[in-house]
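To start, the structure itself, in structure tokens.
The values are calculated or read from the model by the stated rules, or taken from the named source; none is laboratory data. From a predicted model like this one, the values you see are computed outputs, not experimental measurements. Neighbour counts run over all protein chains shown; Cβ positions are idealised from the backbone, glycine included.
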Amino acid sequence: MPNKTPGKMISKLCAFHIYEGLRDGLSHFSGPSRAAVIYAIGPDSPMRVYDPQSLLRGHEPKLRELYLDSHAWRADGPAPALLRGYGHPFPEKNLGLAGLISFGGRSEAVFYQMWFTEHHPDMCSTGPTERWLEHACWLLSHDMVSENACYLGTSGYVLQEYATHAVRDHIVDRLNRILGMDIHMRVYPILDAVLGVSRTLEEGAWARGAMAFIQPGYIGGLDFLARFPPLERPNLDNFKHVRKLLQAVQDSDNALASDGRCILGIVAGARPRGTISADFRSGHGFIFLDDELVCSFFDGRFHSSTRRANLVELEEILLESDLPPEIQHQLFRIVLDIVHTAEDRKRGCTLVIDLNDPPIDISGQYLDAPLKLADPNLLDLTHRLATLDGAIHIGADLRLHGFACLLDGRRFAGEDRARGARFNSALRFTAEHGNIVVIVVSADRPVSLIQEGVELNAQCYLKPISARVPFPPALADWVEGMEMAAMAGGHGLTGRRPRGRSIPIN
């Protein structure tokens, strides 16, 4: 590319390699994820954007307001003398764009940069992802200083496998804020032990129970039920021994206590602040910092998923319906409770949410009087009825109208032979009946929400990026092109709905 200066080539390659590593790493941590970056190399350089998978589409008005209509972003920031050298970039404020997580910074090598990725609805915490974006910001600054194209791919490889480091960085940052001092307990050995124990079988069973990692200065205040003498304490890296000891606390409120190096004993009662906890739940588990859920772990890796369906798509359907807000809230809460119970018990079930008045007739087992699901006892009974073969039929009147219902329908082109009978029966049924939503909960965790023969929450496979890397366009040209494309297609720029919950569930 003879018409490009070496500096421009370096910036293009830096953005590409870091983007690829970031996108791939986040996709393993949170599910299919896109990423994007906007940056200006120097104080007078144009703002450029690298967004090959259109993550920022729909946010053009806000980007125009922040970076094109105003030049305040050029004047803000630390004094130039503070940006010299290889130092960590000075952080920029999160932009708070709907459905996105962002993190940016300024340095001598890159005057301004802001990285973005998707805010998945089922995240335990955005903290580890923010630390991931922070590291991408740091690597771009570092690579731009080195200006050596031979080593640019290394940054991408670092970001691909950054999950454990992102979790650790988030925990350390939070501990420093909570305790107001440097911590005296190393976090990496703790995370390594959690994954090691989670992969270790004991008599064919996966780990269950809790471990509490206590800051050394707070150990004296613990309520020990049993304490091991100093020379008899199992080392934390002896995963097999720790796994055996977990049997003593499974199915109880007690926990194994550790100082980050060895197992001290078994404790009961409240834990002191700054406690890192691992909750093992037979094949998966969760990391907590005090009461804050940090991440989950399964299959030998850390993940951002809460492993529970949030049914955002059902929320949107209810919001657009003619139901009163109070009924929307109660119906959403009831359905969410039934789905979560089925997930926790690892049992498959099918729910038909019927928004018709009166509800349609479905072949199944009916009762003399529909069950009022606002009654906790009848809702608990519904949990059990949902485990029977067939679907449960829930009306907009918050009542259970039937169970063991058979969902029939004619064959159509949208069926998926890779899925089971529950899923394809729901596709056929909803394709022939309007104002119906069917939720299919599989015993192996996937939850599908189906309406009008379409799975609304189907996993989206992202389009691969071409190996031919285009030079990032100026933000002004990109915004203009997106606006023209939107007008040509007849769609507004702000038509996307923020991916958040509007119906309170507490």
(message) Can you confirm whether Asn356 is of a type in the set (S, T, N, Q) and part of a loop (DSSP other than H, G, I, E, B)?
(response) yes
(message) Suppose we filter Ile219, Ile190 for residues that are outside any loop (DSSP other than H, G, I, E, B) and modelled with pLDDT of 95 or more; which single one remains?
(response) Ile190
(message) Quick test of your reading of the structure: Thr117 fulfils all but one of (1) among the polar types (S, T, N, Q); (2) assigned by TED's automatic domain parsing to the domain that holds Ala474; (3) over 20 Å from Ser30 (Cα atoms); (4) under 26 Å from the mean Cα position of the chain (by Cα). Name the failing condition by number.
(response) (3)
(request) Sort through Arg411, Arg399 and tell me the only one that's at pLDDT below 90 and charged (D, E, K, R). (result) Arg411
(request) Inspect all residues belonging to region 423-431 and state whether any of them is farther than 22 Å from Asp361 by Cβ and part of a loop (DSSP other than H, G, I, E, B). (result) no
(message) If the requirement is being under 30 Å from Asn310 (Cα atoms) and either at pLDDT below 90 or not hydroxyl-bearing (Ser, Thr, Tyr) (or both), which of these qualifies: Asp69, Asp122?
(response) Asp122
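Can you pull out every residue in region 200-214 that is out of contact with any strand residue (DSSP E or B) (no Cβ under 9 Å at 6 or more places or on another chain) and either surrounded by 16 or more Cβ atoms within 10 Å (Cβ to Cβ) or polar (S, T, N, Q) (or both)? It would help to see each step written out before you state the result.
From region 200-214, those out of contact with any strand residue (DSSP E or B) (no Cβ under 9 Å at 6 or more places or on another chain) are 200-205; that's our starting set.
Residue satisfying the conditions is Thr200 alone.
Would you confirm, using the coordinates I've provided, whether Leu355 is farther than 20 Å from Phe423 by Cβ, assigned by TED's automatic domain parsing to the domain that holds Leu407, in contact (Cβ under 8 Å) with a residue 12 or more places away in the chain and out of contact with any Cys (no Cβ under 8 Å at 6 or more places or on another chain)? Break it down stepwise before answering.
Values: farther than 20 Å from Phe423 by Cβ: yes; assigned by TED's automatic domain parsing to the domain that holds Leu407: yes; in contact (Cβ under 8 Å) with a residue 12 or more places away in the chain: yes; out of contact with any Cys (no Cβ under 8 Å at 6 or more places or on another chain): yes.
The answer is yes for Leu355.
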(message) If I go through region 388-430 residue by residue, how many of them are within 29 Å of Ile327 (Cβ to Cβ) and either over 28 Å from the mean Cα position of the chain (by Cα) or among the small types (Gly, Ala, Ser) (or both)?
(response) 26
(message) For Leu231, only one of the following conditions fails: (1) at pLDDT below 95; (2) of a type in the set (A, V, I, L, M); (3) closer than 20 Å to Asp291 by Cα. What is its number?
(response) (3)
(message) Name the residue that is nearest to the chain's Cα centre (by Cα), counting only residues in region 161-197 that are of a type in the set (Ser, Thr, Tyr) and under 20 Å from Arg261 (Cβ atoms).
(response) Thr164
